[in-house]
1. Given 90, 143, 192, 110, which one is more than 22 Å from residue 75 (Cβ to Cβ) and surrounded by 16 or more Cβ atoms within 10 Å (Cβ to Cβ)?
2. Look at the range 60-90 and say how many of its residues are part of a loop (DSSP other than H, G, I, E, B) and under 15 Å from residue 123 (Cα atoms).
3. Working only within the range 57-75, note down all residues that are touching a helix residue (DSSP H, G or I) at 6+ places or on another chain (Cβ under 9 Å) and either without any contact (Cβ under 8 Å) to a residue 12 or more places away in the chain or under 20 Å from residue 238 (Cα atoms) (or both).
4. So which pairs qualify, if the first residue must be in the range 171-186 and among the hydroxyl-bearing types (Ser, Thr, Tyr), the second must be part of a loop (DSSP other than H, G, I, E, B), the Cβ gap must be under 7 Å, and the two must be at least 6 apart or on different chains?
5. Keeping to the range 112-168, report how many residues are closer than 20 Å to residue 35 by Cβ and hydroxyl-bearing (Ser, Thr, Tyr).
6. Only residues that are modelled with pLDDT under 95 and of a type outside the set (Val, Ile, Thr): list them for the range 37-52, please.
7. Scan the range 77-98 and report the pairs whose first residue is among the basic types (Lys, Arg) and whose second residue is not in a loop (DSSP other than H, G, I, E, B), with Cβ atoms within less than 9 Å and a gap of 6+ or a chain change.
8. Quick check on the range 37-45. Is at least one of its residues in a strand (DSSP E or B), outside the structural domain of residue 241 (by TED's automatic domain parsing) and in contact (Cβ under 8 Å) with a residue 24 or more places away in the chain?
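The values are calculated or read from the model by the stated rules, or taken from the named source; none is laboratory data. Bear in mind the structure is a predicted one, so any value in this text is a computation, not a measurement. Neighbour counts run over all protein chains shown; Cβ positions are idealised from the backbone, glycine included.
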Amino acid sequence: MYLQHFGLREAPFGMSPDTAFFYPCSTMQEALDTLRVAVGAGEGFIKITGEVGTGKSLLCRKLMASLDARWLVAYLPNPDVQPLTLLQVLAERFEAPAAEQADQHVLLKLIHLALLRAARDQKRVLVCLDEAQVTPDDTLETLRLLTNLETEKRKLLQVVLFGQPELDQRLRADSLRPLLQRISFSQQLHCLRRAELTHYVDYRLGIAGYSGPRLFAPPAYRALHRVSRGTPRIVNVLANKALMLAYGEGVHRITARHISLAAKDTPAAQRGSRWPWWLLLISLFVALLWVLLQ
């Protein structure tokens, strides 16, 4: 591994959502601030959407890590479950004394009692759904019904939906219109801008223990942004491969060549490096205009 070669304590571009490497770029910090305000205000449903690889899981974990002991949190990394399974998971997390063969009606009552007990003990309850776009409609409706439970002061249960843009499309369906109306805060994550990408790479290197001169050459940052389109997950993949290539060559400087070689071995980066559709249209228009003027 290249850690000793570059003077690192740990790998700086891992794929797991490690909150120690949370980089507060504008879109992530704005989303985190929105989440903190919304859950603090006791809102029922909050929605965070973003393309694949933009950091939704990391943001979810950052939110949960920021909550103190007054919070009971249920985290569902894969919410593609039926309503009964969802209720069983929540009953277990909220320590509701559920019978093993309890039906949906009984589980709802037990969870309600558990939520009232939590409120009496001055605790707040939060459910976080990662990859929420795969949640069945019936399960989303069950969650909506759970958020109907409230005291005179506030909701007994809050829900944060983290999902890909397909979640927005699904929520526009007539069957999910009641849930859509319950979403009081919504935020969309975006990819890193070029300047942010430079700081992102340097920030993660610093967290991992790097303290030398700038490791990536300026053209390498530009190449990295071009082939990754600023998607953090692809940035991590390419930067990690570039470090491995430099280590294999025995050099201590990442160049645009290393990024290009890493991109050739990364299908997602190769797709991302194609020209956008609008630039292709402009090119075709210019070519057509040139032919007509001949």
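1. On the way: 90 fails: more than 22 Å from residue 75 (Cβ to Cβ); 143 fails: more than 22 Å from residue 75 (Cβ to Cβ); 110 fails: more than 22 Å from residue 75 (Cβ to Cβ).
When all the criteria are applied, what remains is 192.
2. So in the range 60-90, the residues part of a loop (DSSP other than H, G, I, E, B) come out as 67-70, 77-82.
Within this subset, residues satisfying the condition of being under 15 Å from residue 123 (Cα atoms) are 67-70.
Of the residues in the range 60-90, 4 are part of a loop (DSSP other than H, G, I, E, B) and under 15 Å from residue 123 (Cα atoms).
3. 58
4. Cβ pairs passing all conditions: 184/43; 184/44.
5. Counting residues in the range 112-168 that are closer than 20 Å to residue 35 by Cβ and hydroxyl-bearing (Ser, Thr, Tyr) gives 2.
6. Within the range 37-52, 38, 40, 41, 42, 43, 44, 45 meet the criteria.
7. Filtered contacts from the range 77-98: 93/72; 93/73; 93/74; 93/75; 93/127.
8. Within the range 37-45, the first condition is being in a strand (DSSP E or B), and the residues that meet it are 45.
Subset that is outside the structural domain of residue 241 (by TED's automatic domain parsing): 45.
Now narrow it down to the ones that are in contact (Cβ under 8 Å) with a residue 24 or more places away in the chain: 45.
Within the range 37-45 (the criterion being in a strand (DSSP E or B), outside the structural domain of residue 241 (by TED's automatic domain parsing) and in contact (Cβ under 8 Å) with a residue 24 or more places away in the chain), the answer is yes, since at least one residue qualifies.
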